[in-house]
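A quick write-up on the structure given underneath.
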Amino acid sequence: MVLNIQILRGIAAALVIWVHAQELIVRDVLPHSIKQFGYGGVDLFFVISGFIMVHITKNRNINIFELMKKRIYRIAPLYYLFTLAALSAILLKGLDNGPMVDIGDTIRSLTFIPFEKEDGRLYPIYYLGWTLNYEMFFYSIFGVSLLFHKHIRVAFISIILIILSIVGIFIENLSDHGVLAFFYTRPIVLDFVVGMLIAVCVPVPGRSSNAVPWWGCLAVGTAWFVFGGEFFVIGSIPVAPPTDTFFRFGVPSGLIVAGAAGLERSQTRIGTALMQRAGDASYSIYLSHYFFVASVIAVVDQLALGDPLRLLLAPITTMLSIAVGFCTYHLLERPLAGDLGIYRRFWRHGRATVKSKEERISDG
């Protein structure tokens with residue numbers, strides 16, 4: 001495990017939460033850079049994915065079927081659970097107006113195939129799953145690359161993704177060649193290329209005695225990530241989600257990941273143990289936060305809270321969402337992966353409590 005990269009995963013999840021928690025703030029009171037940089041959480045996730053896939057396969061003899069099985073077992077169970085929750089919410093909302101769920105859309109959501117959910121909106125049933133469509137696409141190409149020698153895998157994948165992004169220059173509308181052609185030729189796919197190249201150029205484990213250049217790389221990447229909107233503007237195409245974020249967030253994410261990997265080589269940590277655990281739980285944090293944030297917004301709207309309280313609640317909601325994600329990780333994600341330890345501990349504790357109570361009663 002690359003601990004610094006795990007810490008970045010937790011940061012990426014928090015950034016995505018911040019995007020949605022800002023919906024609590026009605027008035028435009030935040031600086032533009034503070035409002036926008038949360039959108040880069042997805043790019044940071046994608047760069048990390050490219051790095052991790054190269055890192056975990058470079059010294060292992062693994063085939064495409066084994067890799068895809070592990071990736072599906074890692075991603076699908078929890079995502080399916082939240083998709084089911086989203087479907088239930090949609091069905092309950094549509095009880096008075098008839099069915100609001102399309103079977104075809106449901107199947108496409110569960111099989112990670114992008115589609116146009118509403119006019120110009122390329123989202124699955126559970127909104128956050130659009131990023132997983134990209135992840136599974138990348139894993140599929142990576143799986144094919146395992147058929148080749150390990151020294152040419154990164155070049156093979158990089159060429160494919162670069163060609164797709166170039167083709168995307170000529171596909172400006174969904175109607176040009178369809179949703180799939182549009183979705184998978186967006187510049188955001190280059191984030192995976194950046195992550196893979198970092199894994200090749202800054203391999204971990206390794207040893208580097210001088211941490212200063214890597215701190216510089218991390219600092220430049222962070223400054224670009226936060227304030228780069230002054231120079232690189234996200235395009236305003238009438239299609240969501242925004243996927244032309246490579247120069248705005250993808251490149252600085254690459255600098256951040258490279259800095260973190262380089263610091264790992266020099267035995268330098270960039271965060272705390274708690275941040276590392278947030279990285280371990282980042283997938284659960286990512287998937288669970290939307291329900292929690294939406295619930296907070298609904299309650300705040302119902303109570304008609306004023307602007308100052310709403311502004312205060314935005315960062316608080318972000319922190320609480322991370323806590324909810326930790327609970328989701330331990331209570332759902334790990335058990336779905338076969339780790340039932342927490343429930344065994346609950347069972348043993350419950351039995352011990354009952355036994356202790358019975359003994360006190362008999363003694364009395």
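Keeping to segment 161-173, report how many residues are in a helix (DSSP H, G or I) and either surrounded by fewer than 15 Cβ atoms within 10 Å (Cβ to Cβ) or touching a residue at least 24 places away in the same chain (Cβ under 8 Å) (or both).
7
Conditions first: (1) at pLDDT 95 or above; (2) assigned to a helix (DSSP H, G or I). Residue 114 passes all but one, so which condition is the exception?
(2)
Is there a residue being among the polar types (S, T, N, Q), over 27 Å from residue 250 (Cβ atoms), free of Cβ contacts under 8 Å to residues at least 12 places away in the same chain and surrounded by fewer than 16 Cβ atoms within 10 Å (Cβ to Cβ) anywhere in segment 174-192?
no
Within segment 118-140, can you find the residues that are within 25 Å of residue 59 (Cα to Cα) and surrounded by fewer than 16 Cβ atoms within 10 Å (Cβ to Cβ)?
Answer for segment 118-140, where residues must be within 25 Å of residue 59 (Cα to Cα) and surrounded by fewer than 16 Cβ atoms within 10 Å (Cβ to Cβ): just 140.
Might you let me know whether segment 258-276 holds any residue that is buried (at least 18 other Cβ atoms within 10 Å of the Cβ), among the β-branched types (Val, Ile, Thr), part of a loop (DSSP other than H, G, I, E, B) and out of contact with any Ser or Thr (no Cβ under 6 Å at 6 or more places or on another chain)?
The answer is yes; a qualifying residue exists.
Go through segment 234-257 and report how many residues are surrounded by fewer than 20 Cβ atoms within 10 Å (Cβ to Cβ) and under 17 Å from residue 172 (Cβ atoms).
Here the count works out to 9.
Looking at this structure, is residue 79 modelled with pLDDT of 90 or more, part of a helix (DSSP H, G or I) and within 21 Å of residue 243 (Cβ to Cβ)?
For residue 79, the condition - modelled with pLDDT of 90 or more, part of a helix (DSSP H, G or I) and within 21 Å of residue 243 (Cβ to Cβ) - is met.
Scan 199, 223 and give me the residue that is under 23 Å from the mean Cα position of the chain (by Cα) and surrounded by fewer than 16 Cβ atoms within 10 Å (Cβ to Cβ).
223
Looking at segment 90-103, can you tell me whether even one residue there is touching a residue at least 12 places away in the same chain (Cβ under 8 Å), outside any loop (DSSP other than H, G, I, E, B), farther than 18 Å from residue 182 by Cα and out of contact with any helix residue (DSSP H, G or I) (no Cβ under 6 Å at 6 or more places or on another chain)?
yes
Could you check how many residues of segment 263-313 are within 24 Å of residue 126 (Cβ to Cβ), in contact (Cβ under 8 Å) with a residue 40 or more places away in the chain and β-branched (Val, Ile, Thr)?
Summing the residues that are within 24 Å of residue 126 (Cβ to Cβ), in contact (Cβ under 8 Å) with a residue 40 or more places away in the chain and β-branched (Val, Ile, Thr) in segment 263-313 gives 5.
Which of the helices (runs of 4 or more DSSP H) contained wholly in segment 1-73 include at least 3 residues that are more than 18 Å from the chain's Cα centre (by Cα) and farther than 30 Å from residue 309 by Cβ?
Where helices (runs of 4 or more DSSP H) fall fully within segment 1-73 and carry at least 3 residues being more than 18 Å from the chain's Cα centre (by Cα) and farther than 30 Å from residue 309 by Cβ, they are 40-57.
Do we have residue 293 as modelled with pLDDT of 95 or more, in contact with a Gly (Cβ under 8 Å, 6 or more places away or on another chain) and part of a helix (DSSP H, G or I) here?
Against the criterion (modelled with pLDDT of 95 or more, in contact with a Gly (Cβ under 8 Å, 6 or more places away or on another chain) and part of a helix (DSSP H, G or I)), residue 293 does not qualify.
Against the condition within 28 Å of residue 115 (Cβ to Cβ), at pLDDT 95 or above and not in a loop (DSSP other than H, G, I, E, B), how does residue 216 come out, does it pass?
Judged against the criteria, residue 216 is not a match.
Give segment 219-249 a look and list any residue that's assigned to a helix (DSSP H, G or I) and aromatic (Phe, Trp, Tyr), or say none.
Passing the criteria: 224, 225, 227, 246, 247, 249.
Kindly provide the set of residues from segment 174-191 that are under 18 Å from residue 238 (Cα atoms) and in a helix (DSSP H, G or I), ordered by number.
Selection gives 174, 175, 176, 177, 179, 180, 181, 182, 183, 187, 188.
If you check every pair at least six apart or on different chains, which have Cβ atoms under 8 Å apart with a residue in segment 116-144 that is on the phi > 0 side of the Ramachandran plot first and a residue that is part of a strand (DSSP E or B) and modelled with pLDDT under 95 second?
120/240
Looking at this structure, is residue 5 at pLDDT 95 or above and surrounded by 14 or more Cβ atoms within 10 Å (Cβ to Cβ)?
yes
The values are calculated or read from the model by the stated rules, or taken from the named source; none is laboratory data. Everything numeric here is computed off the predicted structure, so don't read it as measured data. Neighbour counts are summed over all protein chains in view; Cβ atoms, including those assigned to glycine, are modelled from backbone coordinates with ideal geometry.
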